Amino acid sequence: MRLVGKNAQRESIMNTSSWFRSVSSRGRGIHWCWTGWLTAVGLTVAVAGSGSGAPPTPKQEAALGAPLVFPSYYRDDVAVQVPVNLAEIEGSRDLVLEVALQAGDLVVRRRSDVARSPVEVILPLDRVSPGPYEIRVQLLRGDRTLGKRRVRLEKLRSRPVRELAVRVDGDLRLIVHGKPFFPLAIYETPLTDTALDELEKAGFNTVRLDVAPPSVLRPILGRLHARGMMAWIALGHLIEIKDPGGAKAKRLRELVAALRDEPALLVWESRDEPAWGKRDPDALLTGYRIVRRLDPDHPVWMNHAPRNRIATLARFNLAADIAGCDIYPVPEPQTQSDLPNKTLSVVGDEADKNRAAVLYRKPIFMVLQGFAWGRLRHKEGVYPTFAQQRFMAWDAVLHGASGIFYWGTPYTPKPSRPWADIKTLVHELHAMAPMLLAPAATTGGRVMPTPEPAGIEVMLRHTGGRWLLAAVNPRKDAARLTVSGLPLSFTRLQVLYEDRRLSVRDGKVELALPGFGVLLAVADPGFRVERPDFSAELAQPRQETSVEDMREPGNLIINPSFEYRNSRDGLPLSWQCRYPFSVFSDTSDPHSGQSCVRFESADPAFRPLLVQTGIAVEPGRRYSLSIWYRTDGGPIEVRVYAEWVVDGRYYPKVSPWTRGTTAWQRLAFQFTAKPPLPAGNLVYVVVQAQGRGTAWFDRVRLAPVEPVAEAPAGE
C-alpha cells in the first residue's frame, strides 16, 4: 500500500530511496535502483570540462558521477543529484558535497553531508536572473577537494508564476486562467460541431490539433473557447531544431508567436515518443527553449512510449514542463511495456516510472487505451471492458497523473459498446474532477489500510465540504482491508455508482475490492452523481459496413472512392482527417460512383490531408499509386504519397505537387516497397492539397505492378 497524496510526492523529492522501497514492496517485480541510472546519463546540460577556475582532474572526475539537473519552469529552485563514487574515496566519513552557482556578484551555494549516494541538493534560484549559468559541484573532506564536476543550466522564466495563463502549482496541478484544471483529453480533432457536441456531453474538455497555419487554427480555437474547452497543439518534428537560424525554426517561431494568446490553448506537445523513436534530445531542447522564450504562458508536454530506462527519459524531459507516457495493456498479457508486470496494473507502474523520471517535480499525463490492437491492422481485436477502463484510469490517477488522455478512438467504431464505455468513464472522471484537483486531505491522522495488501492504493480528498475516499486493487485477486485514520466525524460512506453504504467507526472502515477493482465513496449521504452509460446510442440503427464491404479487387486502399461515410460527421470511413472543417464529402460531381471528397483552404500555406494507415505491402514489390483529382482552377495544388517510419526515420514515396483544372485528371506514379519496412510491413497513404482554393479527389488506388511476361522464343 502507498498513501496517495501531494505530501507524499514532496517527501519523495527529499528521499530518493523511499520511492524505490515503496514500489518494490508492491510485489510487481519492479526494481529500478536510482543509483544505477544516475551515473549513466549524458544530459544536454551535462558535465562541462571548461569554464572559469581550474578544470577537474581525471581523479576528481572519477570521484563524482555526472550530475543530474532537474529544473522546473514553475519553480524558483533546481534539484541537483550527484552520484558519489564512494569506492574511489575510501568511505563517506566527513564528506561534504558543495553545489554552487554564480550569477554576477551573487553566489548561490548549498552544502550537504554525504551519507549515501546519490546526494540531492536543492539550489534556490529566486534571486537569479534568466540566462545561462554554470553549476559547480565539489566533493570536500576538510580543506581537501576530492571531486569536481560542472554542469550548465539555463533559467528561462522572467515573469512571476502567478501571472501565467497556464501554470503548474506546488501540488503539480494545472492552473488555467486562475482555476485548477484536470485535462480529460482525446486524440481526436473534432471535424464538425456535431462531433464537438458529443465529446462535450461525455465530459471531454481537451482535444488535439495538428500544426496548421494560424489562420486555420484560430477559428477552431475560437469554437473551443466558446464551449469552455481546450486544445493541445502537437508540434511534432517542428520542435526538433538542429539549426536555430534555419527555416524550420522560423516556422516554429511564427506559429508560437501567432497563437500564444489564444485562450483555448492548453499546452504545446513536443515530438511524440522521442526516446523510443531515437530522436535528438539536444535538438528538442533547442526547440523547447524557442517555444518558452516566446510563450511563457503555455507548458510543453512530452509523451513517451512505455519503454526506455529512467535515465533516458530524464534526459529528454529537460525539454518538457509536463511528461508522461502512453500504455495500452489490453489484452493481457500486455507486451507494449517492457516492464515485468504484464497485467492491467502496469498503468500505475508506468506512471511511477515517469514521475521518477522528472524527480516528482513536474506533472505527468497518462495516455490510455481507446482502441483494440487488431483494429490498427483493419482486423478484429479485443477492446477493454468498462471495468478494465475504469481500473486503468483510476490506477493512473492514484499514481499521480495530472491528466488522462485517450488515444486510438478513431479506430474504434462509433457507435459501439467500447466507445460508449469510454464516454461513460470520462463522464465519471469529469464529475469527480473537483475531488481530483483538491489537495490531499488532512485528517489529523494517517489514512492507512491494515493489514497492508501489497499494492493497494488509497486516496482521500476534501473540497467544498465533501470528502472522497478512492481505492484501487492492482491485483487479479480480491482484497479485504480496513482503512483507518479517517475523520472521527465519519459514521457512514456512500459508495458511488453502487446502492450500498459502508459503516465507519472510530475513523475505520472495512473495504472489499474485487481483482482490479475500484471503490469511490463519499461522506455526504446527500451527494448524488449520475453516470450515463450511453446505451441509447447502441439501439440506434447502426451503419453496418465491414472492411471487406469497402474493398475493391486488386486495390489495397479501403473505401478508395469515399463512398462509405461516417454517420457521425459525414466523412469517409477508414480515412483520418487531420484538420477540422477542411475536408467534406461531396456528391455534386464525383468522378465515379456517388461521392468524392472536397478539400477547402483559405490560406496559401495550408496543407489539408486525409490519411489511411495499416496498409500491408510486400517487401521489394513494386506498386502503382494513383488518384483522380480536379480543382477550382486556382493556385491550389495536389499530391498523393505512400510513407512508412522505421526507428524514427521517414521513408516517403511522393508524387510531385500538381496544379489541376476544373476537369477530372489522373495523377499516378510507381515506387518500390524497399526495406527497411516497419513491423507487419504496414505503410500509410496520404491525399493532400496545398494552397488557397478548392480541390476534389476520387478513386485512390494502390496496387502491385504485375511483371511484364517475357515473350516466347521466336516471337
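The values are calculated or read from the model by the stated rules, or taken from the named source; none is laboratory data. Values in this document were obtained by computation on a predicted structure and should not be read as measured data. Here the Cβ positions follow ideal geometry from the backbone for every residue, glycine too, while neighbour counts run over all protein chains shown. Note: accessible area is taken over every heavy atom of the protein model, side chains too, but ligands, DNA and RNA are not part of it. Shrake-Rupley method; radii C 1.70, N 1.55, O 1.52, S 1.80 Å.
What are the residues whose amide H is under 5 Å from the amide H of GLU188, where those residues sit 5 or more places off or on another chain and H is modelled from the backbone?
Amide H neighbours of GLU188: ARG208.
Relative to the first principal axis of the alpha-carbon coordinates of the chain, what is the inclination of helix 346-356, with its axis defined by its Cα atoms, in degrees from 0 to 90 and to the nearest 10?
Relative to the chain, helix 346-356 is tipped by roughly 60 degrees.
Using a cut-off of 11 Å between beta-carbons, work out the net charge of the residues near THR491 (Lys and Arg +1, Asp and Glu -1, THR491 not included).
Combined, the nearby Lys, Arg, Asp and Glu give +2.
What is the extension gain from TYR684 to VAL107, computed as 0.36 nm multiplied by their sequence separation minus the C-alpha to C-alpha distance, in nm to one decimal?
In short, 202.2 nm is gained.
Express the accessible area of the chain per residue in Å², computed with a 1.4 Å probe while the remaining protein chains stay in the model.
Here the per-residue accessible area is 41 Å².
Find the all-direction average of the projected area of the Cα convex hull for region 493-612, expressing the result in square nanometres with one decimal place.
14.9
Please turn the phi angles of region 388-393 into ³J(HN,Hα) values with the Karplus equation 6.51 cos²θ - 1.76 cosθ + 1.60 (θ = phi - 60°), one per residue in order, whole Hz, x for glycine and proline.
My calculation for region 388-393 gives 5, 4, 5, 4, 4, 5 Hz in order.
Can you give the extra length, in nm with one decimal, that the chain gains between THR661 and ASN555 once fully stretched, where that is 0.36 nm per residue apart less the Cα-Cα distance?
Contour length minus Cα-Cα distance gives 35.5 nm.
Would you mind getting the Kirkwood hydrodynamic radius of the chain from its Cα pairs, rounded to one decimal in Å?
Averaging 1/r across every pair of different Cα atoms and inverting gives 27.8 Å.
Angle, helix 214-226 long axis vs. longest principal axis of the chain, Cα atoms, 0 to 90°, nearest 10?
The angle comes out at about 70 degrees.
To the nearest 20 debye, what is the magnitude of the charge dipole of the chain about its Cα centre, counting +1 on the Cβ of each Lys and Arg and -1 on the Cβ of each Asp and Glu?
1640
Can you tell me, using C-alpha contacts under 8 Å and at least 6 residues apart, the relative contact order of region 64-181 as a whole percent?
23
Under the rule of at least 5 residues apart or a separate chain, name every residue whose amide H is placed under 5 Å from the amide H of ARG466.
Distant-sequence amide H within range of ARG466: zero hits.
What are the ³J(HN,Hα) couplings of region 631-637, residue after residue, when phi is run through the Karplus curve with 6.51, -1.76, 1.60 and θ = phi - 60°? Round to Hz, x for glycine and proline.
Rounded to whole hertz, the list is 9, 7, x, x, x, 5, 10.
Ignoring ligands, DNA and RNA, please state the percent of accessible area on the chain from carbon and sulfur, probe 1.4 Å.
After summing per-atom areas, the C and S share lands at 49 percent.
Roughly how tilted is helix 193-202, in degrees to the nearest 10 and between 0 and 90, from the longest Cα axis of the chain?
Its long axis makes an angle of about 30 degrees.
Ratio to report: Rg/Rh of region 534-693, with Cα atoms as the point set and Rh obtained by the Kirkwood method; give two decimals.
0.98
Show that you can apply the helix-only estimate: for the chain, add -39,500 (n - 2.57) for every DSSP H stretch of four or more residues, divide by all residues, and state [θ] at 222 nm to the nearest 500.
When only DSSP H runs of four or more count, the value is -5500 deg cm²/dmol.
Can you give the charge dipole size of region 538-690 about its Cα centre, rounded to the nearest 20 debye, using +1 on the beta carbon of Lys and Arg and -1 on the beta carbon of Asp and Glu?
440
Give, in nm to one decimal, the length gained when the segment between SER416 and PHE527 is fully stretched (0.36 nm per residue of separation minus the Cα-Cα distance).
36.9 nm
Near the amide H of PHE405, under 5 Å away, which other amide H atoms are found, from residues 5 or more places off or on another chain, if H is placed in the peptide plane?
So PHE405 has HN proximity to ALA185, MET366, VAL367, LEU368.
Apply the Karplus parameterisation 6.51 cos²θ - 1.76 cosθ + 1.60, with θ equal to phi minus 60°, to every residue of region 71-87 and state each ³J(HN,Hα) to the nearest whole Hz, in sequence, with x for glycine and proline.
3J(HN,Hα) across region 71-87, in whole Hz: x, 9, 4, 9, 10, 9, 7, 9, 8, 10, 10, 10, x, 10, 7, 4, 5.
Go through ASP295, ASP77, ASP632, ASP94 and list them by solvent-accessible area, largest first, probe radius 1.4 Å.
ASP94, ASP632, ASP77, ASP295
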